[in-house]
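Below you'll find the structure, written out as structure tokens, and then a few comments.
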Amino acid sequence: MPELVFFCGTMDCGKSTLALQIEHNRSARGLIGMIFTRNDRAGEGKLSSRLGLVTDAVEVGDGADLYAHLVDHLSRGRRADYVIADEAQFLAPEQIDQLARVVDDLELDVYAFGITTDFRSKLFPGSQRLVELADRVEVLQVEALCWCGARATHNARTVGGVMVVEGAQVVVGDVTGSTDEIGYEVLCRRHHRRRMTAATSRAAALSPDVLPVTH
Ligand SMILES: Nc1ncnc2c1ncn2[C@@H]1O[C@H](COP(=O)(O)OP(=O)(O)O)[C@@H](O)[C@H]1O
Ligand SMILES: Cc1cn([C@H]2C[C@H](O)[C@@H](COP(=O)(O)O)O2)c(=O)[nH]c1=O
């Protein structure tokens, strides 16, 4: 039976790498995939992994109908044996419904990859719809780690290393980068709740307030 599978996790846990591996393994057996993405850091129409691999993809625009795109593709005599959708958190809920219809009516497997929650630990609408509709939700097993060594479960947005909690839900960015620009850092829940990033925890450790009191 074809399935809609949602592979999820924090930023930097290997989702795009897995998407590229699934694509590689299937194309090595002569299958042809339809690859969708939206707002990949590598640019429009790209699916990229931090390991350096990249492939071309169909950039999903606002209001694009993914089911209609596939029907049109197939009716022109072209092939699509499965579907990959990376950065699926950025898709609209209606587009997730269209992916479910691709599974049910076109009988294709759909593998969607995305982060579940945003920098405020709120569900992205696309991810919420995937949790509601997916046949399977798979949490990636390569754990990203918080600076404290615990498993990272949350995504923090940072400016100059300091966690921020105001701003637009969508700001494309990366977990590397220590500049004043907006960046991201993965944290465990405890440190996300306390807004303690690697930089602010280092600063706190150096603060005289936390030095032991001498008699
Ligand atoms: N230099 C490196 N050497 C080995 N593994 C790396 C390196 N850089 C990144 N990675 C791996 O790649 C993962 C990020 O992969 P990626 O697919 O881009 O993540 P995601 O799509 O989930 O944000 C990291 O968690 C890490 O395991
Ligand atoms: C938490 C959070 C992330 N984003 C953006 C930042 C990146 O461009 C992508 C996630 O990509 P990855 O391959 O999983 O690293 O999402 C955002 O726009 N808003 C957020 O709150």
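Where a number appears in this text, it was derived from the coordinates with a stated rule and is not lab data. Model, not experiment: these values are computed from the prediction. All Cβ positions, even for glycine, are placed from backbone atoms using ideal geometry, and neighbour counts span all protein chains on display.
Calculated from the alpha-carbon coordinates, the chain shows an Rg and a Dmax of 19.5, 83 Å respectively. Amide H contacts under 5 Å for Glu87: Phe113, restricted to partners 5 or more places along the chain or on a different chain, H placed in the peptide plane at 1.01 Å from N.
Here the 3J(HN,Hα) profile of region 185-190, calculated from phi with Karplus coefficients 6.51, -1.76 and 1.60 at θ = phi - 60°, is 8, 8, 9, 6, 4, 4 Hz, Gly and Pro shown as x. Sorting the segments 13-19, 170-176 by their residues' average number of neighbouring beta-carbon atoms within 10 angstrom, most packed first, yields 13-19, 170-176. Placing +1 on each Lys and Arg Cβ and -1 on each Asp and Glu Cβ, with no other charges, gives the chain a dipole about its Cα centre of roughly 840 debye. Sorted from longest to shortest, the spans of the Cα atoms of region 16-106 along the three principal axes equal 35, 31, 20 Å. Extent of region 104-151 along its three principal axes (Cα atoms, max minus min coordinate, largest first): 47, 23, 11 Å. Entry for region 145-207 at q = 0.21, 0.23, 0.24 Å⁻¹: log10 I(q)/I(0) = -0.80, -0.95, -1.03, Debye formula applied to identical alpha-carbon scatterers, no solvent contribution. If one computes P(r) from the Cα atoms of region 111-179, what percent of pairs lie at distances over 18 Å? Percent of Cα pairs beyond 18 Å in region 111-179: 47. Amide H contacts under 5 Å for Leu108: Val103, restricted to partners 5 or more places along the chain or on a different chain, H placed in the peptide plane at 1.01 Å from N.
The H on the amide N of Leu145, modeled in the peptide plane, is under 5 Å from the matching H of Ala152, each at least 5 residues off or on a different chain.
Residue order for Leu106, Leu91, Leu20, fewest other beta carbons within 10 angstrom first, comes to Leu106, Leu20, Leu91.
Among His192, His69, a tally of other beta-carbon atoms within 10 Å of each Cβ gives an order, fewest to most, of His69, His192.
Sorting Thr116, Thr200 from the fewest to the most surrounding beta carbons within 10 angstrom yields Thr200, Thr116.
Considering only alpha-carbon pairs that sit under 8 angstrom and 6 or more positions apart, the relative contact order computed for the chain is 23 percent.
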